[in-house]
Structures are given as C-alpha cells and as structure tokens.
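First up is the structure itself, then whatever we jot down about it.
The values are calculated or read from the model by the stated rules, or taken from the named source; none is laboratory data. Here the structure is a predicted model, which means the values were calculated and not measured. Because the Cβ atoms are built from the backbone with ideal geometry, glycine has one as well, and the counts that use them run over all protein chains shown.
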Amino acid sequence: MKKINKITAIFVLFLTTSLFAGGGILESPVEKSKQNYAQVEANLLAGLNSGNKGLSNSCAYYLGEIKSDKAVIPLMAKLRSGDECCDRIMAALSLSKIKDERGLYLLKQMAKFEDNERVRSMCEKFYLAHVRETLQS
C-alpha cells in the first residue's frame, strides 16, 4: 500500500510540475504546441542550410514530415541546385510530402527535363504517387 501511495505521489508531482511549467502560468496545450512547432521549424530551416550534409538531409526530411510551408522555397532551391543526387532527392521527397502546388509543379518539371537520370526518375515517382493519391481521394 505504501508503494502505491509513493508512486501516486510521484505521478501527481510530475503532472503538476509539467502543467505549471513556464513561470507559474498555466498554458494551454495548443499554445505550447504552436510555440514548440515554430521553434522546431526554425531550427530545421537553419539546419537545412548547414554545411553538414547529414544534418542538412535530416532537416530536409523532417521539414517534409511536419509539412512546413516555410520550407518550400529552400527545398525547391536545394532540388534545383543541390551538390549531390541524394541531397536533391531528399528535397524532392520532402516537397512531395508538403504537397504545396509550387513544389509539386517543380517535381513535374524535373520529372520531364532533369539531366540527371536518377533525380529525374525519383521526381517522376514522387509526382506520380501524388497524382495517384489525389485520384483515389
């Protein structure tokens, strides 16, 4: 019985500290979520421009996962003029996940006119996947 009371007390303590974190003012989960999203998005955008290829590609991937509208233009620039194929393909994948019309149009054009066969093929696959998804819904 004492063990259950201790566990309950620890749980209540954890819950109250997490609810009242932030200077004693109770923030709604929605407000906290919006602040966290904006901070995450800003950090990912900064990492996208990093000289570290792994960090840059990871940031590109996660910007696609969170469907960041602010990332569309930087990802389009990366797709057009990235140093390596894998960088450009990751940008194409993220643009296909974000589903912004500008990015999808670029994927369509890259699928037709890109010189690099590997990038052209992946852009085509991403664009056709989007078209199929649109037709099914």
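Figures for the structure shown
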{"item": "Flag if residue 67 is among the charged types (D, E, K, R), outside any helix (DSSP H, G or I), at pLDDT 95 or above and within 29 Å of residue 34 (Cα to Cα)", "result": "yes"}
{"item": "Breaking point among (1) outside any helix (DSSP H, G or I); (2) modelled with pLDDT of 95 or more; (3) polar (S, T, N, Q), for residue 50", "result": "(2)"}
{"item": "Residue within the range 62-81 that is surrounded by fewer than 18 Cβ atoms within 10 Å (Cβ to Cβ), within 14 Å of the chain's Cα centre (by Cα) and aromatic (Phe, Trp, Tyr) present", "result": "no"}
{"item": "Qualifying positions in the range 43-56 - surrounded by 12 or more Cβ atoms within 10 Å (Cβ to Cβ) and either among the small types (Gly, Ala, Ser) or at positive phi (or both)", "result": "47, 50, 56"}
{"item": "Hits in the range 89-121 - residues which are in contact with a helix residue (DSSP H, G or I) (Cβ under 7 Å, 6 or more places away or on another chain) and among the acidic types (Asp, Glu)", "result": "100, 114"}
